[in-house]
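The values are calculated or read from the model by the stated rules, or taken from the named source; none is laboratory data. What you are looking at is a predicted structure, and each value in this text was computed from that prediction instead of being measured. Every residue, glycine as well, gets a Cβ built from its backbone with ideal geometry; the counts of neighbours run over all protein chains shown. These accessible areas exclude ligands, DNA and RNA; they are computed on the full protein's heavy atoms, side chains included. Shrake-Rupley method; radii C 1.70, N 1.55, O 1.52, S 1.80 Å.
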Amino acid sequence: MTACFPGGRPGAWSFALSQERMIMNDHRRLGRELGIFGTDPLIGSGLPYWLPAGAAVRKAVEDYVHELERRTGYQHVNSPVLGKRELYERSGHWAHYAADMFPPMEVGGEEFVLRPSLCPHHALIYRSRGRSRRDLPLRVAELGGMYRSEPSGVLGGLSRVRAIQLNDGHVFCAPGQAAAEVSAALDLIEAAHARLGIGAARYRLSLGGEGAKFVADPAMWARAEEVLRGVLRERGRPFDEERGEGAFYGPKIDIQIADPAGRESTLSTVQVDYFQPARFDLRYAGGERPGERPVMVHRSVVGGIERLVAHLVEVHGGAFPAWMAPVQAVVLPLSDAELPAAAALLRQCLEAGLRAELAPADRGSLGARIRAHRLVPYQLVVGPREVASGRAAVRLRDGGQAGAVPIEQLAAQSRPFV
Ligand SMILES: [Zn+2]
């Protein structure tokens, strides 16, 4: 599944170039250099921890997606990262997906499982009160943990992990609303990708297949496929259809990304599901027939946060857009004489909401300190002139000069929604 060389065998030159890009921007190497994440054999394979720079990028991205969802009518919930084995028997995971799940743990005579997805919890939240046609579409979102018992051979960096923080959401809607909700989810995904600087490798319509991995109900699959295919065609974006790549309960639109080596993986997804609403006996009043079932549209705008940040590191090569940069502004006093003014400016930056730090003159020449902070979007140089005027000269990381920009303005232009 390599998207790297679609035209056949590459020439030596393009091969060398792609090799170089692969080494330059591999998120595992950059992740270490930039202090994004680390691993320890004592914690275990596929269980990375986040270092301060990575935690800052992650928080910025999570806040952005949360806000994007809030603006488009989602209600956020929180639910536990595990549930009773019976929950996953009911959802169908136990019959179709057990190979990817961690084994159950026995506590107090009951068996609990680390959850393989958030869908069952959200179905129960839907069912927790009576719903009526006018409540629909009900859009529920959560950034929550899920777990996958990947074999150790396939684990790597942040892109294949065993503990995933998933940006998930489920839209419970009337059957006639499903196509519009799928399209709205694709709008959301495309808006987020544009803001994050992500270019999709391709769109894939992932269909079911034969065998125990998929629920056997041809009519149900055909109905869901028709909704997804219809939306993709209407939007006019090219897509490939692939059998055997769907979820066990239904087909999905997968938005594929590629790493610098051309290896593809799925980032965002939209799925139409008639199976789990039936398994959890979800209903609403006031429909065309009494006790009608909603459709579940599963969607993830940016997928798992681990894979997303791995991809962002590779796409931006560490030079993140200002709104997601781990450090947005560095204050650089020319000499020790400007240190008090620089410290005051740092406080001003922090209070304005910027992620900022101070690089005092004892860390080397101004040139050396600028080089050490070359990925920081705003470099605030404080010399005698700036002390006198009470402002800082803003240097951009590409070497451009922005002049004396007020800190409030810098903070405003460092937010994802301007
Ligand atoms: Zn789901």
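Scan the range 52-102 for residues that are over 30 Å from Glu33 (Cα atoms), open to solvent by less than 40 Å² (accessible area, probe 1.4 Å) and among the acidic types (Asp, Glu) and report the count.
Here the count works out to 1.
Checking Arg131 against (1) out of contact with any helix residue (DSSP H, G or I) (no Cβ under 9 Å at 6 or more places or on another chain); (2) over 30 Å from Glu226 (Cβ atoms): exactly one of these is not met. Which one?
Among (1) out of contact with any helix residue (DSSP H, G or I) (no Cβ under 9 Å at 6 or more places or on another chain); (2) over 30 Å from Glu226 (Cβ atoms), Arg131 violates only (2).
Test Glu386 against the stated conditions and say whether it is out of contact with any Lys or Arg (no Cβ under 8 Å at 6 or more places or on another chain), open to solvent by less than 60 Å² (accessible area, probe 1.4 Å) and at pLDDT below 95.
Answer is yes for this residue.
Can you tell me which residue among Glu111, Glu106, Glu150 is assigned to a loop (DSSP other than H, G, I, E, B), away from the ligand (no atom under 14 Å from the Cβ), over 24 Å from Leu282 (Cα atoms) and not polar (S, T, N, Q)?
When all the criteria are applied, what remains is Glu150.
Among the numbered criteria (1) touching a residue at least 12 places away in the same chain (Cβ under 8 Å); (2) open to solvent by 70 Å² or more (accessible area, probe 1.4 Å), which one does Arg363 miss?
Against the list (1) touching a residue at least 12 places away in the same chain (Cβ under 8 Å); (2) open to solvent by 70 Å² or more (accessible area, probe 1.4 Å), Arg363 comes up short only on (1).
Can you name the residue in the range 114-129 that is open to solvent by 60 Å² or more (accessible area, probe 1.4 Å) and either within 16 Å of the ligand (Cβ to nearest atom) or in a strand (DSSP E or B) (or both) and, of all such residues, is nearest to Pro294 (Cα to Cα)?
Arg127
Please determine, by comparing only the residues of the range 177-205 that are of a type in the set (Val, Ile, Thr) and part of a helix (DSSP H, G or I), which one is surrounded by the most Cβ atoms within 10 Å (Cβ to Cβ).
Val182
Just name the residue that is farthest from Gly390 (Cα to Cα) out of those in the range 317-340 that are in a loop (DSSP other than H, G, I, E, B) and open to solvent by less than 10 Å² (accessible area, probe 1.4 Å).
Ranking the candidates gives Gly318 first.
Run down Val161, Val215 and say which single residue is touching an Asp or Glu at 6+ places or on another chain (Cβ under 7 Å) and either within 16 Å of the ligand (Cβ to nearest atom) or in contact (Cβ under 8 Å) with a residue 60 or more places away in the chain (or both).
Only one candidate passes the filter, namely Val161.
What about Ala404, is it modelled with pLDDT of 95 or more and more than 26 Å from the chain's Cα centre (by Cα)?
no
Open to solvent by 10 Å² or more (accessible area, probe 1.4 Å), part of a helix (DSSP H, G or I) and either under 30 Å from Val387 (Cα atoms) or away from the ligand (no atom under 16 Å from the Cβ) (or both) - does that describe any residue in the range 245-262?
No, that holds for no residue.
When you look at Glu314, is it open to solvent by less than 30 Å² (accessible area, probe 1.4 Å) and not in a loop (DSSP other than H, G, I, E, B), yes or no?
So Glu314 fits the description; yes.
Go through Leu143, Leu124 for me and flag whichever is at pLDDT 95 or above and over 30 Å from Asp259 (Cβ atoms).
After ruling out the rest, the residue left standing is Leu124.
Quick check on my filter: what residues within the range 389-410 are among the aliphatic types (A, V, I, L, M) and either surrounded by fewer than 19 Cβ atoms within 10 Å (Cβ to Cβ) or over 23 Å from Leu196 (Cα atoms) (or both)?
Within the range 389-410, Ala392, Ala393, Val394, Leu396, Ala402, Ala404, Val405, Ile407 qualify.
Out of Val327, Val301, report the one residue that is out of contact with any Lys or Arg (no Cβ under 9 Å at 6 or more places or on another chain) and aliphatic (A, V, I, L, M).
Being out of contact with any Lys or Arg (no Cβ under 9 Å at 6 or more places or on another chain) and aliphatic (A, V, I, L, M) holds for just one of Val327, Val301, which is Val301.
Return yes or no: is Ser149 open to solvent by less than 10 Å² (accessible area, probe 1.4 Å) and of a type in the set (Gly, Ala, Ser)?
No, not satisfied.
All but one of (1) within 30 Å of Val270 (Cα to Cα); (2) not in a strand (DSSP E or B) hold for His298; which doesn't?
Condition not satisfied by His298: (2).
Output the residues belonging to the range 279-315 that are more than 15 Å from the ligand (Cβ to nearest atom) and among the aliphatic types (A, V, I, L, M).
Ala285, Ile305, Leu308, Val309, Ala310, Leu312, Val313, Val315
Given the options Ser206, Ser268, Ser300, name the one that is over 30 Å from Pro321 (Cα atoms), in contact with a Ser or Thr (Cβ under 9 Å, 6 or more places away or on another chain) and not aromatic (Phe, Trp, Tyr).
When all the criteria are applied, what remains is Ser206.
Results for (1) modelled with pLDDT of 95 or more; (2) under 30 Å from Arg363 (Cβ atoms), shown as yes or no for each residue.
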residue: Asp240; (1), (2): yes, no
residue: Pro260; (1), (2): no, no
residue: Asp273; (1), (2): yes, no
residue: Leu282; (1), (2): yes, no
residue: Met296; (1), (2): yes, no
residue: Glu338; (1), (2): yes, yes
